[in-house]
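Colleague: This is the structure I want to talk about, given as structure tokens.
Bear in mind that the values in this text are calculations on the coordinates, not laboratory data. Quick caveat, the model's predicted, so the values are computed rather than measured. In this analysis, Cβ positions are derived from the backbone assuming ideal geometry, glycine residues included, and neighbour counts consider all displayed protein chains.
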Amino acid sequence: MNANDLLSQDAKVISNALKIRFYPMTAASASGTRVIDSAGKSYLDLSAGWAVASIGYGHPRIAQKLQEQYQTLSFTTQLTVPEQNMVALAERLIDMTPGSFAKKVWFGHSGSDANDCIAKLLPLARNRARMISFMGSYHGQTMGSLSLSGHPAQAKFIGSGNVVKLPYPNPYRPPFGETESLTAQVMHYIEQEVFRTVSPPEDTAAIVIEGIQSDGGLLVPPDDFLPALQKLCARYEISLIFDEVKVGLGRTGKWFSFNHYDIVPDAVVLGKSLGAGLPISAVVAREELLDVGYGVHMFTTSGNPLCTAAALENLLIIEQERLIDNAAKVGEYFRQGLEGLQERYEWIGDVRGRGLAIGVELVEDRVSKTPAAEKTAAICYRCYELGLLVFYVGIHSNVIEITPPLTISREEVDQAIAIMDQAFQDLAENRIDMGKVKEYAGW
Ligand SMILES: Cc1ncc(COP(=O)(O)O)c(C=O)c1O
């Protein structure tokens, strides 16, 4: 089927509830860092399909594992008849996460159902009804996970009333007006406002946070923020939960975003890249947080042998191909390249990130910092036309998200920077067809 036919059929039969579209891309095949569309054109992919394809597309070791596993044991419902892959993966995840206390693992299929696990089980486990999370956060689209979320994508729905949302410590747009004392200001707000009013600490089960707030705009908190949050949680015996669905498993240049600090979360939520493209998510947590009863949060195909076999092999590949090291080094190189672009284009207000989780925030000018959403959409669209896939995020829809496969090379970064440079130049010289850009709703 050619691209036009595919897209018009897709428009007819696929629900808009499942769509975030930036341009008329289709995918026919993919390998490594490149995706091929139905016309045979090849694109360098800086999205990794929303940060899923961390080891690149079509890794031969995963293909082989899946074939072997399907032939040996295509399925068993782990809820009732367990097999070894699920247990081995749980043991591996327990070893990888910090904390010498007793831990257990829960498995699901998406970041959403894993965060739903947190939303359901934590209040029960802690016998405290309330939860705290952050404005701008994206934890998922199921009712529990959307209740924890604070992103415009969930704003049409009224989530559970037990969650209070805090301003995320955004150094570029500080919620209380100052960047220097951002950590102190947010801590003060929690203790002096939130704890005294809507979420008393003795009734607060957990604080849920993304170590880098991803869909909120790739926001990196000040260095002292997450350690201070951990201290605060310890002081009030509140569980600290890290949602590592997007930036976990090597993307930031360490296994987890919280590994950049001396932090031991009470629970870690994983998804996206865990299954190398297969749907699997996990919560690794203190045993007492997950063992609140039999069969209280389960799905028939949870932890199935194909997804867990893929995940085990995926973790080995990340380690053996030294992809975390690559993410750190090439990520730094990428950021330098983007900072070079920032010197040339006034619209680039901020370049930030860690490893290969990078955000490029576009503004109308650097003084007003007015979010440049249309320009962001135009840049992403033009990059697509020029053979580069990038998506945008942010509560103002003005942050280009760079989350490529962790296998990306310096040469590919050079290609990406050259294409982005061209796109900015085309924008400056009005060579982008804004009519076409506006056909796509984005998000
Ligand atoms: C940090 C984070 N948590 C959870 C989710 C939800 O994951 P899923 O789309 O697999 O349900 C996302 C998705 O973007 C995410 O970025």
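Colleague: Full extension from L73 to E178: what is 0.36 nm times the residue separation minus their Cα-Cα distance, to one decimal in nm?
Modeller: Stretched fully, the L73-E178 segment lengthens by 32.1 nm.
Colleague: Apply the a/c threshold of 1.5 to the C-alpha gyration tensor of segment 61-320 and tell me whether it is rounded, prolate or oblate.
Modeller: Taking the square roots of the gyration eigenvalues as a ≥ b ≥ c, segment 61-320 is prolate.
Colleague: Follow-up. Quote to one decimal, in nm, the extra length available between D203 and H188 on full extension: 0.36 nm per residue of separation minus the C-alpha distance between them.
Modeller: Additional length available on full extension: 3.6 nm.
Colleague: Of the DSSP beta bridges with both residues in the chain, give the percent that are antiparallel, rounding to the nearest 5.
Modeller: Bridges in the chain that DSSP calls antiparallel: roughly 65 percent.
Colleague: Which of the listed residues, G161, V220, L89, is farthest toward the dipole's positive end in segment 61-320, when Lys, Arg count +1 and Asp, Glu count -1 at the beta-carbon?
Modeller: The listed residue farthest towards the positive side: G161.
Colleague: Antiparallel DSSP bridges in segment 61-320: what percent, to the nearest 5?
Modeller: The antiparallel fraction comes to roughly 45 percent.
Colleague: Shifting gears a bit: At 222 nm, what helix-only mean residue ellipticity would the chain give, in deg cm²/dmol to the nearest 500, using -39500 (n - 2.57) for each DSSP H run of four or more?
Modeller: So the helix-based figure for the chain works out to -11000 deg cm²/dmol.
Colleague: Grab the beta carbon distance between S100 and R196, set R0 = 51 Å, and tell me the FRET efficiency rounded to 0.05.
Modeller: 0.90
Colleague: Let me check I've understood the local charge: for G58, count other residues with C-beta under 14 angstrom from its C-beta, Lys and Arg +1, Asp and Glu -1. What total comes out?
Modeller: +1
Colleague: Still on this structure, I have one more. For a test of the definition: using alpha carbon positions, the gyration tensor, and the 1.5 limit on a/c, classify segment 1-155 as rounded, prolate or oblate.
Modeller: It comes out oblate by the Cα gyration axes.
Colleague: Can you give the charge dipole size of the chain about its Cα centre, rounded to the nearest 20 debye, using +1 on the beta carbon of Lys and Arg and -1 on the beta carbon of Asp and Glu?
Modeller: Dipole magnitude for the chain comes out near 620 debye.
Colleague: Roughly how many Å is it from the Cα centre of segment 18-64 to that of segment 365-407, as a whole number?
Modeller: Each part's Cα centre sits 18 Å from the other's.
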